[in-house]
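The values are calculated or read from the model by the stated rules, or taken from the named source; none is laboratory data. Just so you know, these numbers come straight off a predicted model, no measurement behind them. Glycine gets a Cβ as well: all are built from the backbone with ideal geometry, and neighbour counts include every protein chain shown. All accessible areas refer to the heavy atoms of the entire protein, side chains included, with ligands and DNA or RNA removed. Shrake-Rupley method; radii C 1.70, N 1.55, O 1.52, S 1.80 Å.
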Amino acid sequence: MEPLDILLLQETKIEEDALLSLSRIKWNKNSGKAVSARGTSGALATLWLEDMFQLKSSFATQHWIYTKLQHLPSKISLALFNLYVPINFLEKKDY
């Protein structure tokens, strides 16, 4: 498998800080944005290699993460949306 420069995770059930720490050890990603699991929700994370991408902007809620990254070698901008759609009706209403 080719090494990945960006990794989007869903349904992790891991809290935000632990997920970002684990990303450095397990997937070798040294930058990222994450939101914690709440209730039956799955936690989300968007992770990337800091030497390949620069964060330009981001916004997150319980159910999605938006990140705008710039690929440093090419200067191309990327807009990434990482979504988790809850199954539970009450969580859908909460958004």
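Odds and ends about this structure:
- Rounded if a/c under 1.5, otherwise prolate or oblate - the range 10-79, Cα gyration tensor axes: oblate
- Applying 1/(1 + (r/R0)^6) with R0 = 22 Å to the Cβ-Cβ distance of Leu55 and Lys13 gives a FRET efficiency near 0.30.
- Heavy-atom accessible area, probed at 1.4 angstrom with all protein chains present, ranks Leu49, Leu69, Leu4 as Leu4, Leu49, Leu69, highest first.
- Long-range amide H partners of Ile14 with built H, under 5 Å: Ala37, Ala43
- Note, ³J(HN,Hα) from phi for the range 19-29, Karplus 6.51, -1.76, 1.60, rounded to Hz, x at Gly and Pro: 5, 5, 5, 5, 4, 5, 7, 7, 10, 6, 9
- For the residues Lys33, Lys56, a 1.4 Å probe over the protein chains yields an accessible-area ranking, largest first, of Lys56, Lys33.
- Inter-label distance for Leu72 and Asn28, nm, one decimal - labels placed 7 Å from Cα along Cα-to-Cβ: 1.6 nm
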